[in-house]
Structures are given as C-alpha cells and as structure tokens.
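Worksheet: the structure to be examined is printed underneath.
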Amino acid sequence: MTRVLVSGATGKLGAPIAAALADADDLTLAGRVARSLTGQDGFSTVAEALAATQADVLLDVTSPAVGEAHTLTAIAAGLPVVLGTTGLDKAGEERIHAAAIAADVPVLYVPNFAITAVLMMRFAAEAAKVLDQCAIVEEHNPAKVDRPSGTALRTADLVEAASGTRPEISSIRIEGVVANQSVIFGAGAQTLELRNVTLSREAFVPGALLALRRVAALTPGLHVGLEQILD
Ligand SMILES: NC(=O)c1ccc[n+]([C@@H]2O[C@H](COP(=O)([O-])OP(=O)(O)OC[C@H]3O[C@@H](n4cnc5c(N)ncnc54)[C@H](OP(=O)(O)O)[C@@H]3O)[C@@H](O)[C@H]2O)c1
C-alpha cells in the first residue's frame with residue numbers, strides 16, 4: 001500500500017484526487033495539506049505533515065508560488081514527489097533535478113494528468129517531424145494563474161525538438177472552460193488540428209493515480225510528463 005500525502009487537498013484538483021485514493025486498493029491517503037485545514041483534520045504546511053505522518057510519496061497540486069518549495073521539502077525528507085502544480089520554469093526544474101539527484105529521489109513533474117492531453121502531445125511531436133508550420137492555442141478558466149499553460153509550454157518544447165521551430169502560443173482565459181488545447185499544423189492548402197478537451201477535473205484523476213503508483217520506480221532526478229510512465 002502506497003501512502004500518499006496530498007498537498008493542495010482542498011483544491012479543485014486535489015479534492016477529487018484525495019477522494020479517489022479512498023477507493024483505490026493499492027493507494028491510501030496519508031494526510032492532507034492546505035492552509036485552510038489549520039486546526040482541522042489536516043496540516044497547514046508540508047513540513048508539518050511530513051513530521052507527523054508516515055507517507056511514501058507527496059502529491060503537490062497547490063499553486064505555482066509554492067509548488068517548488070513543497071517539492072524541495074519532500075525531497076529533503078527523502079520522499080518521491082508527483083508535482084502536478086503547473087508554472088514551473090526551467091530554472092525551477094534545474095533546482096529540483098539537482099536536489100533530487102543529491103538526495104537519490106525520483107520526482108515526476110506532470111503539467112497535465114489527462115491521458116488524452118498526453119496523447120495529443122505525442123501526436124503533435126510526430127506531426128512536427130513532417131509539418132514545420134505550427135501554432136498552439138490553449139484555453140483555460142480565468143482562475144488559472146500561469147500563462148501560457150504548462151501543457152502548452154511542454155507541447156512547444158516537443159514540437160521544437162522535432163521540427164527545429166518553436167510554435168507561437170496563444171492563451172485564452174474564459175469562464176466555463178476547464179482546460180482545452182489545439183495544436184494546429186499548416187502546409188500548402190492543408191491543415192491538421194489536434195484538439196484536447198477536458199470536460200471536468202475528474203479527467204485528471206486516473207493519470208494522477210497512475211503517476212503516484214509509478215513514481216517510485218523512476219530513476220533519481222526530475223522526470224517531466226505523464227508519458228514517462230504511460231507505456
Ligand atoms: N497537472 C494537471 O493535470 C493539472 C490540472 C489542473 C490544474 N493543475 C494545477 O494544479 C494547481 C492547483 O489547481 P486547482 O485548480 O486545484 O487550484 P485551487 O482550487 O486554487 O486549489 C489550490 C489548493 O492548494 C492549497 N494551497 C495553496 N497555497 C498553499 C500553500 N502556500 N500551502 C499549502 N496549501 C496551499 C489550497 O488550499 P488553501 O488555500 O487552504 O491553502 C488548495 O487546497 C495549479 O497549479 C493548477 O494549474 C494541474
């Protein structure tokens with residue numbers, strides 16, 4: 001049984017993941033972290049929770065302002081981490097990788113837990129080998145803090161690696177949307193559009209559980225993307 005500490009457990013993403021742990025046979029909730037849980041059935045900081053619980057892995061789904069700090073705290077305690085909080089920049093990735101190597105701990109940063117989004121990125125990388133004109137349009141709710149989205153940046157990285165050209169990213173923030181993205185390729189008199197639509201945050205739960213099951217088997221250091229453990 002893998003014991004999971006969920007940081008951001010009261011959030012729109014953390015709450016359904018914490019609830020799904022109760023139904024899993026091989027995963028269990030070790031503790032919940034959120035500032036609003038102070039004095040209730042949970043912890044206000046990751047450090048406090050690590051000291052008081054027996055956890056095997058940390059899931060962080062909080063905010064770009066604190067996701068890196070929470071990850072570094074867990075690494076220092078020797079705990080594998082699934083980081084689902086978006087907005088981590090390259091410098092942050094390097095700091096986490098260095099700390100994880102030093103502590104001999106695996107960390108999986110997953111900008112998008114939706115399996116359909118991971119397939120969209122994979123297919124985009126494949127198309128970019130042939131089609132060098134590409135643009136990305138990402139759509140999210142206005143509450144999303146980071147812009148462009150982590151998924152758009154990751155897709156741009158993959159397309160650039162395959163084609164040598166970095167695609168332009170357009171970000172739209174509009175009520176009613178959870179998380180959508182189109183990757184549009186153009187060539188002479190033809191276009192190809194790959195579109196991922198997320199209808200609710202339940203779409204992120206299966207990928208998050210898969211990441212929690214498999215992160216400990218990864219090599220020490222930072223790994224990026226659900227595709228690292230999908231196959
Ligand atoms: N990887 C993916 O597939 C995916 C999908 C959707 C969203 N996300 C990302 O996941 C993150 C959370 O999104 P959300 O929509 O769930 O946000 P949300 O509804 O605002 O929830 C944020 C959670 O983090 C907690 N939190 C915030 N700051 C904290 C701090 N300093 N210390 C402890 N807990 C803190 C909040 O509780 P308190 O305010 O009580 O502290 C709350 O439980 C964002 O970065 C978002 O972009 C990722």
Would you point out which residue out of 195, 213, 173 is charged (D, E, K, R) and within 16 Å of the chain's Cα centre (by Cα)?
213
Quick check on this structure: which one of 157, 132, 104, 146 is assigned by TED's automatic domain parsing to the domain that holds residue 225 and either within 12 Å of the ligand (Cβ to nearest atom) or not polar (S, T, N, Q) (or both)?
104
Against the condition closer than 24 Å to residue 206 by Cβ and of a type outside the set (Asp, Glu), how does residue 38 come out, does it pass?
no
Applying the selection to the stretch 160-185, what residues are out of contact with any Leu (no Cβ under 7 Å at 6 or more places or on another chain) and more than 30 Å from residue 20 (Cβ to Cβ)?
160, 161, 162, 163, 164, 165, 166, 167, 168, 169, 170, 184
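Among the residues of the stretch 219-231 satisfying the criterion of being more than 16 Å from the ligand (Cβ to nearest atom) and open to solvent by 70 Å² or more (accessible area, probe 1.4 Å), which is nearest to residue 4 (Cα to Cα)?
219
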Only residues that are of a type in the set (A, V, I, L, M), surrounded by fewer than 19 Cβ atoms within 10 Å (Cβ to Cβ) and without any contact (Cβ under 8 Å) to a residue 24 or more places away in the chain: list them for the stretch 154-192, please.
189
Residue, farthest from the chain's Cα centre (by Cα), within the stretch 95-113, restricted to residues that are assigned to a helix (DSSP H, G or I) and either buried (at least 22 other Cβ atoms within 10 Å of the Cβ) or of a type outside the set (Gly, Ala, Ser) (or both):
101
Any residue at all in the stretch 66-73 that is in the same structural domain as residue 44 (by TED's automatic domain parsing), more than 13 Å from the ligand (Cβ to nearest atom) and out of contact with any Lys or Arg (no Cβ under 6 Å at 6 or more places or on another chain)?
yes
Return the residues of the stretch 25-45 that are closer than 10 Å to residue 5 by Cβ and either near the ligand (Cβ under 7 Å from one of its atoms) or not assigned by TED's automatic domain parsing to the domain that holds residue 81 (or both); say none if nothing qualifies.
33
Tally of residues being open to solvent by 70 Å² or more (accessible area, probe 1.4 Å) and closer than 26 Å to residue 130 by Cβ across the stretch 193-218
3
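The values are calculated or read from the model by the stated rules, or taken from the named source; none is laboratory data. As the structure is a computational prediction, the values presented were derived from the model and not from experiment. Quick reminder, even Gly has a Cβ in these numbers, built from the backbone with ideal geometry, and neighbours come from all protein chains shown. Surface accessibility is based on the protein's heavy atoms, side chains included, excluding ligands, DNA and RNA. Shrake-Rupley method; radii C 1.70, N 1.55, O 1.52, S 1.80 Å.
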